[in-house]
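The values are calculated or read from the model by the stated rules, or taken from the named source; none is laboratory data. Just so it is clear, the model here is predicted, and its values are computed rather than measured. All Cβ positions, even for glycine, are placed from backbone atoms using ideal geometry, and neighbour counts span all protein chains on display. Calculation scope for accessible area: heavy atoms of the full protein, side chains included, ligands and nucleic acids excluded. Shrake-Rupley method; radii C 1.70, N 1.55, O 1.52, S 1.80 Å.
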Amino acid sequence: MVAAVNTGLFVGAVVDRMQDILFTYVHNAKRRQLVLLTKTVATYARHRKAVQRSVVVLACAVLAGRLYRMARHSHAKAETGQRRGAQLDAQFVANMRRLTAIAVPGVLTREATMLAAHTMLLVVRTLLSVA
């Protein structure tokens, strides 16, 4: 009976010690993460303009690369005589003109600007997702 009680106490002590070690490890890990995050934010704050410019240049370079690959791929398809996707006929163009005249009253209006921005974003999204 005494051995069982001593074993139970020993196991309890070991479990308590393991919990203390685990708590200390987790606490230190969180502290290290917080210090790393603080240093990263401070570095970003010091070099914010350069980081923002670098991100814009990188995004432009990625977009240019994808556009180049798409153009090269499209050119290769055209040389082999493969069909290039959906075809536009005169009826479709006429319908689009009528709808555009209704939706966009003038060239320099708010609606025209919104339509142009939306169209540009959709084209860029398609280009980025295709490549």
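Computed quantities for the displayed model
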read-out	value
Considering residues of the range 63-73 that are without any contact (Cβ under 8 Å) to a residue 12 or more places away in the chain and open to solvent by 70 Å² or more (accessible area, probe 1.4 Å) only, the residue nearest to residue 123 (Cα to Cα)	68
Residue identified as modelled with pLDDT under 80, loosely packed, with under 10 Cβ neighbours inside 10 Å and out of contact with any His (no Cβ under 8 Å at 6 or more places or on another chain) among 18, 1	1
